[in-house]
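Beneath this line is the structure, given in C-alpha cells, with notes to follow.
No lab work stands behind these numbers, since they all come straight from the coordinates. Since we're looking at a predicted model, the values are computed, not measured. FYI the Cβ positions are ideal-geometry reconstructions off the backbone, even for glycines, and counts take in every protein chain you see.
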C-alpha cells in the first residue's frame, strides 16, 4: 500500500532517534564524570595492591583517559571515539572493549533469541486459545498460571531450577560450557534451563497481552460479518481477529523488550554463568573496569532505540488507518 | 402464487442472562416469498435483528439460543442443520447486510479483499477472477471508478460508499435471499435515498428475495411488497404494504402510522404512543401491547391474542378481531 | 481567632488552595531542616525519613483526601474490588507483610548476628547430614544437624537466623516499594500532566526527555548508577524512583490528553473555571484511579529491582534484604538450600499479591467490566 507521507515520517523519526541517541550519550557521560569515584580511584586500589607508586600511576591514568583535560574536551573526544567505533580499553580483560563485545555478544543473542521464540510462540498460542475459550476452565487456568509466571522473580526461578535439576537431580551442569559449538545439540541442552528462566516471565506476559487484545477484538462487529459470510471459524479467528489484535500486541512486545528482557537476560546470564554481555559487564563492575560498563550500557540503549524505530515503522505498514502527518 | 423460499414457524430465541431469561423472539411466523421484498418492521428492541440472526445461525451461543421453532429454507430446516452445513449456506444462499458499515467491515483489509475472500471460498475461483468479480460488483452497486476503489480500505470511503461496498459483498455469491438489517438507519437522508435506489435496482436485475428490516415506515412504503410488524418479540400484524399502511387493524400499527408526522398538516403536538415497551424478561400476561392500548379489553390481559385473517393475505394478532372471518363477517 | 483564620484563608486563596499551602509549608520546612542537617548540625534525620515525610504529605493531600472527600464513590469501588477473591487474598497478604515488618523485629533475633556454632541448621521438619572435617582425627565424619525451635526457618552458613532475616527483609521490601513507587509516580504524574496540559514545545521537550530515559534498559541503568555512586539504601530508593517514572508519565499524559477534550472539561471552561481549577478539580480525580492502579502494579517491579540489585551484590551491605539472603543461599546451594528457597518464595508471594490487587483494582475501576 502506498503511503506517500511515509518517507517524511521516517526522516522525522530518524531525526528524533538521533536526538535521543545524543541524549543517551550525554547522560551517560555526565553520570560517569559526575560520579564521586573516578576511573582512576578504582584502578588505584588495584595498583596499590601491586605495590606501584600511586601518584605516578594517577598521572599516567589521567593522561591516558584524558581526565586532566577540561570537561568539554573530554566530551568531544568521547563522542569522537564512539563515532569511530573506539569504545576504549578494558584493562581487566586486556583487550579493546570492542573486541570483548565481538566475542561475547553471541551468547546474549542466542539466549534472548531462543527465549523470545519460546515465549512468543507458546505465549501467543495460549493467549489466543484462552480468549476464544473465555470463561471456561482452560481460560481460568491459563490466566491464573500467567499471573504466577509474571510474579516469579526470574533470578530466583533460575536458582530454583539449578537447585532442582542440577544439584538434586544432576541432569544439567551448574556452569555453562563455552567449548560446545553453538549450533550443537549439547549447546541447546545446556540452554534449556536458562531459556526457561528468561522465557517464563515473557511467556506469561505474552499470554496476558494476547488474550486481552483478542478479547477486545472478538466482540467487534466485523467478526459477525465474517461469520455471516460463511467463513470457517479458524479463518475468522486466525485471519480477521488476529490481524487486528496483532497491532497493539507488537508495540507492547517491542516495548517490553527493553525494560524487561534486557534486565532479565542480564540476571539470567549471571545466575547460569553464561558469558554474554550482561555477565561481562557485571564482572567489569567488580573489577572497576569503567569502559566495559559504559560500553554495554550504551549498546543496549542504542539497540532499544533502533528496535523502537523499526517497530514504529512496521506498525504504520500493518495498520492502514495510521497517518503520521 | 409464488413459492415461499423462507418459512419461519414459531421461532423462539431466548437469551439466558444473570438477570433473567430475555425472550427476544417469542413465537414468530412468517414467509418470505421468492422474489419479493418483505419488510420486517418494529421499534428498536422488538426482536427484528435477533430474528434475522436466528435465520443465519449467528446468535451468540452463550447466552442466546433458539429454543423452539422451525426455519425452512427451500424445505430444509435450518435449525436442524449441522454447523458445517450452515456455514456453507451463509454468504452463498442467504447473505446479510448489517446496519453500521463502518464497524461491520474489517478495517485492516481492503474492500476488494473482503469481497474476494467470500467469492474464493464459496465459488472456488482464483485470485484474479475473484478480484474482477469484486470490481464488477462494486460497479453494480453504483460505486464510481470501482477499479480504483476496490483497493481502498474501509476508512477511506464515505458512509454511503461503505454501505454500498457491504451490499456488494453480500451479493458476491449470488445469494437467493438477502437480509438487510436497517441498512438505511445509520445514514443521512440523501444517502438513504441512494441506498434505497441501489436496492430497487438490484431487485429489478436479480431474482433475489429481500428481507428488509427497518423501523422507518417511509422506507417500507418505498421498497416493500409485504410487511410484518413485530412488537416486543411477537407478531402484531402482517399484510401487503399498501393494504396495511392504508388500513391498519392492530392498534399498535395504527399508532405507529399516526406517529409519522404529516408535512401537509399543521399540528401543535406530535403524536406518540403512551407508555414504554415491556420488559422482555418478565413479559405481562396476555397481549404484550395491552398496557399501552387505548382499545384494550378484559381478555387482553388474560390471553395471548390468536391469529386472525382480516383480509386477503392480511393477518393480525388482536382480540378486537377475534373470530372475524376473512370476508369481514363475524 | 476568626481573624487569623480569615488571614490564612486569604493566603491560601492566593497560592491556589489549602492543600497547596500545606504542600508549600512542608517543602519549606523539610528544605530548611535538610540544609541545617547538612551544614550545621549532626544528622537529625536519616535521609529515608525526609523521603517518608515528603511522600506521606503528598499522598495524604492528593490521594487520601480526595478518596475521603468522595466517600460514596470510594465505597462503590471498594465493593466491586471485594468481589474479586484473588485481590482480597492479595490485600490480606500485604497486610500480613506489614504486620510482620512492624511487629516481627520485636519477636525475632538479630538478623545480623553471626554464630559459627549455629550454622547450617535446617528449618523445622528437616534434618540434614553434613560431613564435617575434624582436624583432630583428620577425617570427615558425618554429623546430623536437626532443626530447633529456636530457629524455625533454620540458619545460613554463617549462623544467622533465617526468620529474622526474612522479617527484616519484609520491612526493607515494603519501604523500598512504597517510597520508590511514590517518587516515581509523583514525578511521572507531574511530568505527564504538565506535558499534556501545556502542550506545544514543552510537551515536545518533555517527551524527548522521556524517550531518552526510556531508551536505557531499566535494570542496566540502575546497575550503572549504583555502580558509580555506591550502594546505599536511601540512594537506591531515590534512583529507582528517578529512573522508573517514564511509564507513568506516558500513561498519564495520554489520559490527560484524552480528558482535556472531553465534554465535561469544555463545559467547565465554558462556565469560566480557571486552568488550575480544571486540572485539580476535574482532571486529577479522573487520573487518580489510573494512578492507584499504576502504583499497585509498579510496586512489585520496584521490589524486584531492589532484590535483584542485592542479589548481584550491589545492595546496601548494611541492610538485610531478601535479595541479599537469596544471594547467600545461592552461594551455598548444596549445603543450605533453604536459605535460597524461602526469600524467593516471599518475593514471589509479595509480587503475586500486588499483582492480584492491582488487577482487581483495574477491573473495579473499569466501567465496562462486568462486575
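I'd like the FRET efficiency for residue B:271 and residue B:225, computed as 1/(1 + (r/R0)^6) with the beta carbon distance as r and R0 of 22 Å, rounded to 0.05. Walk me through the numbers before you get to the answer.
Values: r = 27 Å, r/R0 = 1.23.
Working from the Cβ atoms, E equals 0.25.
Could you compute how fast the protein assembly as shown diffuses translationally, taking Rh as the Kirkwood radius over C-alpha pairs and applying Stokes-Einstein at 25 °C with viscosity 0.890 mPa s? Give it in µm² per second.
Working: Rh = 34.3 Å.
Stokes-Einstein gives a translational diffusion coefficient of 71 µm²/s.
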Highest-MSF residue in chain C out of C:288, C:145, C:166 [GNM, Cα springs under 10 Å]: C:145
For peptide B:99-108, what's the mean number of Cβ atoms from other chains within 10 Å of each residue's Cβ? 5
Rounded, prolate or oblate (a/c below 1.5 giving rounded, otherwise prolate when a/b exceeds b/c) for the stretch B:11-146 by Cα gyration tensor: prolate
Net length gained if the chain between residue B:136 and residue B:307 were fully extended (0.36 nm per residue, minus Cα distance): 57.0 nm
Can you tell me the Rg and the Dmax, both Å, for the Cα atoms in the stretch A:158-219? 16.7, 53
Do you know the relative contact order of chain B, to the nearest whole percent, from alpha carbon pairs under 8 angstrom that are 6+ apart? 19
Per-residue Cβ counts within 10 Å, from other chains only, averaged over C:345-354: what number is that? 3
Run the simple label-point estimate for residue A:14 and residue B:294 please: 7 Å along Cα→C-beta, distance reported in nm. 7.6
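Quote the FRET efficiency, to the nearest 0.05, computed for residue C:112 versus residue A:318 with a Förster distance R0 of 56 Å and r equal to the Cβ-Cβ distance. It would help to have the intermediate numbers written out before the result.
Numbers: r = 56 Å, r/R0 = 1.00.
Efficiency computed from Cβ-Cβ geometry: 0.50.
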Please give the peptides B:169-181, C:119-131 ranked by average Cβ packing (other Cβ atoms within 10 Å per residue), highest first, as a rough proxy for protection. B:169-181, C:119-131
Partner chain coverage, peptide B:90-97 - average Cβ within 10 angstrom: 3
Nitroxide proxy distance, nm - points 7 Å out along Cα→Cβ at residue B:259 and residue A:179: 8.8
To the nearest 10 degrees, how steeply does helix B:111-123 sit against the main Cα axis of chain B, on a 0 to 90 scale? 80
Over 26 Å [Cα-Cα, chain C], rounded percent: 61
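For chain B, what is the calculated [θ] at 222 nm in deg cm²/dmol (nearest 500), taking -39500 (n - 2.57) for each run of four or more DSSP H residues and dividing by its residue count? Could you put the intermediate results ahead of the total?
Working: 11 runs with 103 residues, N = 330.
One gets -9000 deg cm²/dmol as the mean residue ellipticity at 222 nm.
Take the alpha carbon gyration tensor of chain A, find the square roots of its eigenvalues, order them as a ≥ b ≥ c, and report rounded if a/c is under 1.5; if not, report prolate when a/b exceeds b/c, else oblate. If you can, show how the numbers build up before the last one.
Numbers: a/c = 3.06, a/b = 1.57, b/c = 1.95.
In terms of gyration-tensor shape, oblate.
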Once you wrap a convex hull around the alpha carbon atoms of the stretch A:88-164, what is its projected area averaged over all directions, in nm²? 7.8
For chain C, take the longest principal axis of its alpha carbons; what is the angle in degrees between that and the long axis of helix C:246-260, to the nearest 10 within 0 to 90? 20
Shape call for the stretch B:250-330, from the Cα gyration tensor axes a ≥ b ≥ c (a/c under 1.5 means rounded, otherwise prolate when a/b beats b/c, else oblate), comes out oblate
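Using only helices, what value at 222 nm comes out for chain C when you add -39,500 (n - 2.57) per DSSP H run of length 4 or more and divide by the total residues, to the nearest 500 deg cm²/dmol? Don't jump to the answer; show the numbers that get you there.
Values: 15 runs with 250 residues, N = 371.
Using -39500 (n - 2.57) per qualifying helix, the result is -22500 deg cm²/dmol.
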Virtual paramagnetic centre 7 Å along Cα→Cβ of residue C:33, amide N under 12 Å, in the stretch C:8-27: C:26-27
Modelled label-to-label distance, residue B:215 and residue C:365, 7 Å Cα→beta-carbon offset: nm? 3.6
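Please compute the contact order of chain C in relative form: average sequence separation of alpha-carbon pairs under 8 Å and at least six residues apart, divided by the residue count, as a percent.
Numbers: 450 pairs, mean separation 73.8, N = 371.
Relative CO of chain C lands at 20 percent.
Can you give the Kirkwood hydrodynamic radius for chain B, in Å, rounded to one decimal and based on Cα pairs? Show your work: numbers first, answer last.
Working: mean 1/r = 0.0475 Å⁻¹.
Hydrodynamic radius (Kirkwood, Cα only) of chain B equals 21.0 Å.
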The stretch A:101-286: relative contact order in percent, alpha carbon pairs under 8 Å with at least 6 residues between: 37
Given the options C:162, C:25, C:238, state which has the largest fluctuation in a GNM of chain C using a 10 Å cut-off (strictly under) for Cα springs. C:25
Stretchable slack from residue B:113 to residue B:204, in nm (0.36 nm times residue separation minus alpha-carbon distance): 30.0 nm
Computed FRET efficiency, Cβ-Cβ of residue C:133 and residue A:86, R0 51 Å: what is it to the nearest 0.05? 0.45
Who wins for biggest fluctuation among B:230, B:86, B:166 in a Gaussian network model of chain B, springs between alpha carbons below 10 Å? B:86
